[in-house]
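The values are calculated or read from the model by the stated rules, or taken from the named source; none is laboratory data. Since the model is a prediction, treat every value here as computed from it, not as a measurement. Cβ sites come from the backbone with ideal geometry, for glycine too, and all protein chains shown count toward neighbours.
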Amino acid sequence: MRILVALLASVFLAPLVSPVSAQEDAYHESLRATLTAEYGLTGGDWVFSEVESTTLALSQPTGVSSRSIPASGDVPFSSVREFTVASPGANPWDRTVRFPTQATVAQGDALLLVVWIRHTAPAGDRAHIEPIFERTSSPYEKSLQTAVEFDGGVWQQLILPFEAVDDYSTGSARIQFNMAFKTQTLEIGGLALLNYGAAVSVGSLPEVRPAASYDGRDSAAAWRADAASRIETHRKANMEIRVRDAAGNVVADAPVSVRMKQHAFLFGTAVSASAWVENTRFRNELADISGKGPTFTVAVLENSLKWDAWEANWPTTMDRKLELIDWLLNQGIEVRGHNLVWPNWQYLPDDLEANQSNLSYISDRVTRRILDAAGHPSLKGRLRDWDVINEMAHVKDLQNLFAGTPGYTDGTELYTEWFELAAQADPEARLFVNEYGIVSDYGLIAESTRQEYERIIEGLIQDGAKLDGLGIQGHMKLPLTPMDSVYAVLERFSRFEIPLSITEYDLSNVDDDLAADYLRDFLTMVFSHPGVESFLMWGFWDGAHWFGDAPLFDESWQLKASGQAFRDLVFDEWWTEADVQTGADGIATVRGYKGTYEVTAVVNGQPVSQQLVLAGDATTEMTLTATNTDRSDPGSSFGLGAIYPNPASVRAQVPIALDSAGPVSLTVYDLLGRRVAFDNMGFLTPGEHTLELGLEGMTTGVYLAVLTAGGRSATRSLRVFR
């Protein structure tokens, strides 16, 4: 009778027991209990086996050695598999281990990956992995792709929630751990993947990651002293201000105020045209990013000048795009063009892929694109730079299409042709290539990308292309590139003796303190390297950022910790303001960061001001006299009058007044301190004179005209508008 009751009970009560738990081993049972106790999660189906040893046996290692070892330490699992990376790979997936799914997954399912990992190296040696959930075949779409790093010596749990982006039959998807970042040995245990289907939202699932960091973060790191020394050497210079009274006598003990107005080094951002059009706060912050007047010195339109956006009038109309460019230039912010050709079908107009069998059609479309955009009447001569080609070390659809056809060996000959067309369309624009994966990806893993980028650069140089700059994008992600590796990459590409630019910096999905520290250190390393001329972030506000995680402001316009770090460096630590007095010789000396200054001296109670461009490594001298001010009229004894017209586009009239005869010259500098025009006016008599200044070769922007005569100088600002 007891046996019958037991059998009946087993029959009628069996449906009340979860079928997924009936075969679970001790680890999976304890994991369920922990998820319920700590996060309130119940249910969920195992996508791998319910037995931990069976799950680990699914491993498919590539480029790594693997073995089973016993578990050690106070851990909730009993099976462990060890994976050893003997040497880094050229790509993250060159050293990897994959686990194919053992159940179906539907689009929109909420999944939770749980795994325990130990790096066998001692504490202080950080491991780096990239967990991925992807389809096992092309197009390898990814529902999860992130980077994780953790300290050596201890077991650490990783819990990652994600949502399936498609439907997957059993075995057609996989969890993959890319490990090729460095030589490392990793032990993996407690691997499980739970599918909650539509029962819960991904946002309600827990996420646990080890604390991330990077080599060189310590305040006592050795690289800091070297960087500070380079900044002192390459980013600063001496200025001597000589003060005279109206009679020409030097004035001792004259108070002199030196106020920086703009950096020579270019600090900038990508700008969303739609945000600029629609958001007043966006425009206001862009005009005063320091919070105290000074702002960015360069900007790039994020999407507006790309080929498809150009032809399809998105994200706004052409008139509004040109209005934005005008506005930026009127703010004294130079503008970069991005980009002329992004040679991948995904980023090209649809008709090119549709006509890929017609090479003449493709060639004609690309030619017209470059000439129309770079030569557009409202852009030609106004943009500082053009990214002629974007990401050609990665995307090669056009290169591959032309490779082996008449006139083309490997297809890279196209790149020289495109540079020639861009130079023809706008001879004044500086022409760049631009690439990602050069300084990101731990500074090591992207070796194949760096080599290909170098090969393309070398080919352009050999072909005589007008290659004026090398763009290094800077979309940083975990694991973060160590500071020494950042410097090594900059050194490597500076060998071409072509200016470098960090064109697209951002760092997403890390905590605020890490984001602030890394921006501070990365920017310091970049600013310290003499081969780098500019640093642009890829947007400054979360509300107009492709990942919703920009460096400076969150979506409610609160300044982030990284935004404060940027301000502290650019507009405080690297900003020169000084109040000094002249010595007995009438000279005051200041060492400052290179850039544009307003210098004011007080002579007999009269303030006398003049702008000064501090550039180069030599001492810059300037003479202030009681009658010398940049507001002087032609009727004053010595000075520059109001330049007319201003803004000017072709030529400008420059009135000057001399109080004595002598040799006179007029020099025009851009805001980087580079001489762009010089006129030796010869020996002139006292009185009023007018110089007609030709503006050939000057792009749209702000310039300083400096009159020099008899050891004295006067300065006027000049705006060129093409």
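Every condition in (1) more than 33 Å from the chain's Cα centre (by Cα); (2) on the phi > 0 side of the Ramachandran plot is met by E82 except one, and the failing one is (2). When the residues of the stretch 628-648 are filtered to those that are outside any loop (DSSP other than H, G, I, E, B) and crowded, with 17+ Cβ neighbours inside 10 Å, the one that is modelled with the lowest pLDDT is G639. Of the residues making up the stretch 27-71, those that are part of a helix (DSSP H, G or I) and polar (S, T, N, Q) number 6.
So in the stretch 477-511, with the set limited to residues that are among the aliphatic types (A, V, I, L, M) and at pLDDT below 95, which one is farthest from G531 (Cα to Cα)? Taking the candidates together, the pick is V510. Name every residue in the stretch 555-588 that is in contact with a Phe, Trp or Tyr (Cβ under 6 Å, 6 or more places away or on another chain) and either on the phi > 0 side of the Ramachandran plot or among the aromatic types (F, W, Y) (or both), in order of residue number. Once the filter is applied, which keeps residues that are in contact with a Phe, Trp or Tyr (Cβ under 6 Å, 6 or more places away or on another chain) and either on the phi > 0 side of the Ramachandran plot or among the aromatic types (F, W, Y) (or both), the stretch 555-588 yields only W574. Picking from residues in the stretch 447-473 that are among the acidic types (D, E) and either surrounded by 15 or more Cβ atoms within 10 Å (Cβ to Cβ) or farther than 22 Å from T409 by Cβ (or both), the one that is farthest from the chain's Cα centre (by Cα) is D463. Applying the condition of being surrounded by fewer than 21 Cβ atoms within 10 Å (Cβ to Cβ) and of a type in the set (A, V, I, L, M) to the stretch 572-589 and asking which residue is farthest from the chain's Cα centre (by Cα) yields A584.
Could you please find all residues in the stretch 526-542 being out of contact with any Pro (no Cβ under 7 Å at 6 or more places or on another chain) and not in a loop (DSSP other than H, G, I, E, B)? Those that are out of contact with any Pro (no Cβ under 7 Å at 6 or more places or on another chain) and not in a loop (DSSP other than H, G, I, E, B): V526, F527, S528, V532, S534, F535, L536, W541, D542.
The residues of the stretch 474-495 that are part of a loop (DSSP other than H, G, I, E, B) and crowded, with 16+ Cβ neighbours inside 10 Å, listed by number, are G474, K477, L478, P479, L480, T481, P482. Taking residues in the stretch 454-474 that are farther than 22 Å from Y487 by Cα and in contact (Cβ under 8 Å) with a residue 24 or more places away in the chain, and partners anywhere that are in a helix (DSSP H, G or I) and among the acidic types (D, E), the pairs with Cβ atoms closer than 8 Å and at least 6 places apart or on different chains are D463/E413; A465/E420; K466/E420.
State which residue is farthest from the chain's Cα centre (by Cα) when the search covers only the stretch 685-719 and only residues that are in a strand (DSSP E or B) and among the polar types (S, T, N, Q). Among those that are in a strand (DSSP E or B) and among the polar types (S, T, N, Q), it is T690. In the stretch 80-139, counting only strands (runs of 3 or more DSSP E) that sit wholly within it, the ones holding 2 or more residues that are closer than 19 Å to D151 by Cβ and in contact with a Lys or Arg (Cβ under 9 Å, 6 or more places away or on another chain) span 127-135. Of the residues in the stretch 649-669, how many are outside any strand (DSSP E or B), in contact with a strand residue (DSSP E or B) (Cβ under 8 Å, 6 or more places away or on another chain) and farther than 11 Å from F683 by Cα? Within the stretch 649-669, residues that are outside any strand (DSSP E or B), in contact with a strand residue (DSSP E or B) (Cβ under 8 Å, 6 or more places away or on another chain) and farther than 11 Å from F683 by Cα number 2. Can you find even one residue in the stretch 376-392 that is among the hydroxyl-bearing types (S, T, Y) and more than 23 Å from the chain's Cα centre (by Cα)? For the stretch 376-392, residues among the hydroxyl-bearing types (S, T, Y) and more than 23 Å from the chain's Cα centre (by Cα): present.
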